[in-house]
Every structure is written in C-alpha cells, then in structure tokens.
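Take a look at the structure below.
The values are calculated or read from the model by the stated rules, or taken from the named source; none is laboratory data. Worth saying up front: this structure is predicted, and the values here are computed from it rather than measured. Heads up, the Cβs are rebuilt from the backbone with ideal geometry, glycines too, and the neighbour counts pull from every protein chain shown.
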Amino acid sequence: MSAFWQNTIRQAIDFRRELHSEPELSWQETRTAQKIRTALSDMNIEWTPCAGTGTLARLNIGASSSSSPHIALRGDIDALPIHEQTGKTWASRQMGCMHACGHDGHTAVLVATARYLKSVEYALPGPVTLIFQPAEEGGHGALRMIEDGALEGIDEIYGWHNWPAIPYGKMVCPDGIVMCGNGTFEITVTGQGGHASQPELCRDPVLAGSAMVQALQQVVARRLAPQQAAVLSVTSFDAPSGFTVIPQQAVLGGSIRVPDNATRDAINALIVEVVEHTARAHGVSAEVAIQPRYNATVNHAKQASYLRETWCKQNGNDALDTKIPVPIMASEDFSYYLQEIPGAFALIGAGVPEQRAHPCHSPFYDFNDDLIEPVTRLYARLVGAPQSTQQEGVM
C-alpha cells in the first residue's frame, strides 16, 4: 500500500470528522460547500457550483466518451435536524443539527476519490464528473441539480449509502427497485373545545385523532395485500392543551413508503377515506394535506450488475448480502437521477457484530470510517482508474 494512498484515506477520515463537527441542514450547506471547493482547488481539480450549495467536479473532461462512457459519481452533503448524543470528540458543534445519516462519510469518499483520480487522470478511459449534492434529506436536491445541468453529457451515474443494519462490507444492489418512494401527510382535526368536565358539550379532536391513528395503522395490514411492500406510519400527534381543557384542534403527521406510484395513489386515497369517515363518526371536521416526496430508487440492470461485479472483484464473491429483503423501505432522491439516465445505487453494510449499530437518523449514530477506503476504491474502479501500486494490498 503506497504512502500516497494511505495519506489519501487518512485525509478523508479527517475531512469526514471535520464535516461531522460542523453539520448544515438542507440548502444551508454553505460552509460545507466551501470546504469541498477548497479541497478540490487545492488538488487542482476544475469545479463549478450547481444548484447553489452543490458542486460539480470534472476530471479528464477533454477525453472522448465515444468508447468509454462519461460516468458520474454522487455524494450527498446535508445533515439532519437532530441533537447529537454520540459523545465523540468530533461530535456536532451545531445545536440541534448532526450528520445522522452518514452524508459526511459519503462526501469524504468522493473527496478521496477526487484525489486519487487526479493522480491518474491521464490514464482514465473517459471523462468523470463528481456530484456533491445538497438537500437529499427531503429537499429534492437531486432534482435541483438536474435542473441546473448536473447530468448534461453524463452517460451513467453511480451512488451508494452506508447502512448499519447490513453487516460491514456486504453490498445490496438489486436489479430494479432498491429503495422505496415516500410521502408525508398532515391531518388537521377540528372539534369543539371546552371544559374537560363537560365532554357532552364538546367534540373532542384528541379522541377523534386517536381513532384515526388506530385506523390508519391498519391500512397496510387490512386494506393492502400482504405481499405488497408498503409502510404507513403516524409519527406525530400535537394537541396542546391544559389538564382540564379539551382542545379545539389536533394535528397529526406521518409518512408512507411505497414501491411504486400506483401503491402511493392507493394509500393516499385510503388515508383520506379513513380520516373523513372517522371524523364524521366523531362529529369533528378534518383536513388532509398529502405531500409526495421521492419516487422509488430503481436500478438499471446493466449498471447494477456492473456495480455488483466490481464490488465482488474487489472484495470476493461473498461480498453481496442476499438475505436482506428488498426494497429497503427508506427513500433516496438518487431516484431522480435514475429516472433520467442509466445507473445504479448500492447499500453497503456498516454494521460490526461486536458493536451496537445505531441506525441512521439516530442521535447516537456515527459513520463507520472503515468504509471510506473500500468505497473510494470501488468508485475508482467504476470509472476505470488503473489499479496501480497505490492501491495494492489495501484489503
């Protein structure tokens, strides 16, 4: 293993932890973007801003893509509105904001990839674009990047996400759907508030909302076929009031996970049906606001096969996890890219058996830095970078 390669990975780990300590929410990633752009400039890599806080870095851009495709590699850069409780020395210094999904690690991998590819740029078979994307966490950042030209001239795109529930180093990358689409809903229940001692004079939105929760949680179990992959979760219930006061209003919120638009439409219709009928039964009124978010992330078969084969060539034939059921019910805005051009998205395991693997979006989660080296090497292989002595004996 060369000193250059070791130094590249060590710098990436340091960069990841620096990003982790200064997280920024979707569309607020100004410092993060500046750190990325400074790193690229220091490597003498050409870059351009995209969609505000996004960045496109280009290598070997003068090469013809007639024989080798122009490949894009993506990393997301935003954090989540969660208060970190890891106790790490590099823990977030921003109150109520943390990298609870590993986007700091995804970004660090892309920066390490940039450094290595720059060192072998003359030997790359085709042009390469590195996409540092903002606002993956519900902000439709991929869509904005596409609208701002991120995919112009790109033939194929690849991405990945760390996944603590999968054993370390195992990959999940099926042909077809890998992650579900999603959506959110908000239900405003309006009743007649009053004194808790006189419920007969009131129309209780708390009681009606509670009945809605119970009924909605039965939609998937009783209104869809058991073979159908779908989730409906009521995740919030807000009805502030005093101990002796029946409130005037309650607001419920939640999310759905669906494999396709037909299932999304069916569940959305059932949410409205259940809410309206339950409200009528309790003598209250209710309004439902449904917000579709991301479509399912659907891999293209050729590119998914290439991604799997590249990972196995690097890590052995047992490096795929065939036990994890797919689709994963989480969602990804990488779906926007795959709706435009061929590509594939992989989940790569971060779980270590002897350690408790806190899930993504947990206040105790931290990215597994051991993933930086193998995924950097994967990205380099995907674009056809030479596997020189700089990478010998890495794993």
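When I372, I341 are screened for being under 25 Å from H70 (Cα atoms) and touching a helix residue (DSSP H, G or I) at 6+ places or on another chain (Cβ under 6 Å), only I372 passes. Scanning the stretch 210-225 for residues that are in contact (Cβ under 8 Å) with a residue 24 or more places away in the chain, under 29 Å from the mean Cα position of the chain (by Cα) and over 16 Å from A269 (Cβ atoms) turns up just one, V213. Figure legend. Inter-residue proximity from the stretch 126-142: first residues in contact (Cβ under 8 Å) with a residue 12 or more places away in the chain and at positive phi, second residues polar (S, T, N, Q) and part of a loop (DSSP other than H, G, I, E, B), beta-carbon distance below 7 Å, spacing 6+ or different chains. Indicated pairs: A135/S26; G138/S26. Taking every residue in the stretch 193-209 that is more than 21 Å from E276 (Cβ to Cβ) and assigned by TED's automatic domain parsing to the domain that holds A286 and pairing it with any residue that is of a type outside the set (S, T, N, Q) and assigned to a helix (DSSP H, G or I), at least 6 positions away or on another chain, the pairs with Cβ-Cβ distances below 7 Å are G194/L201.
Scan the stretch 87-98 and tell me whether some residue there is over 24 Å from S21 (Cα atoms), out of contact with any helix residue (DSSP H, G or I) (no Cβ under 9 Å at 6 or more places or on another chain) and in the same structural domain as E22 (by TED's automatic domain parsing). The answer is no; no qualifying residue exists. What about A142, is it touching an Asp or Glu at 6+ places or on another chain (Cβ under 9 Å), hydrophobic (A, V, I, L, M, F, W, C), surrounded by 20 or more Cβ atoms within 10 Å (Cβ to Cβ) and closer than 17 Å to D76 by Cα? Considered against the rule, which asks whether it is touching an Asp or Glu at 6+ places or on another chain (Cβ under 9 Å), hydrophobic (A, V, I, L, M, F, W, C), surrounded by 20 or more Cβ atoms within 10 Å (Cβ to Cβ) and closer than 17 Å to D76 by Cα, A142 comes out as yes.
Per the listing Q291, Q228, the residue uniquely over 21 Å from the mean Cα position of the chain (by Cα) and among the polar types (S, T, N, Q) is Q228.
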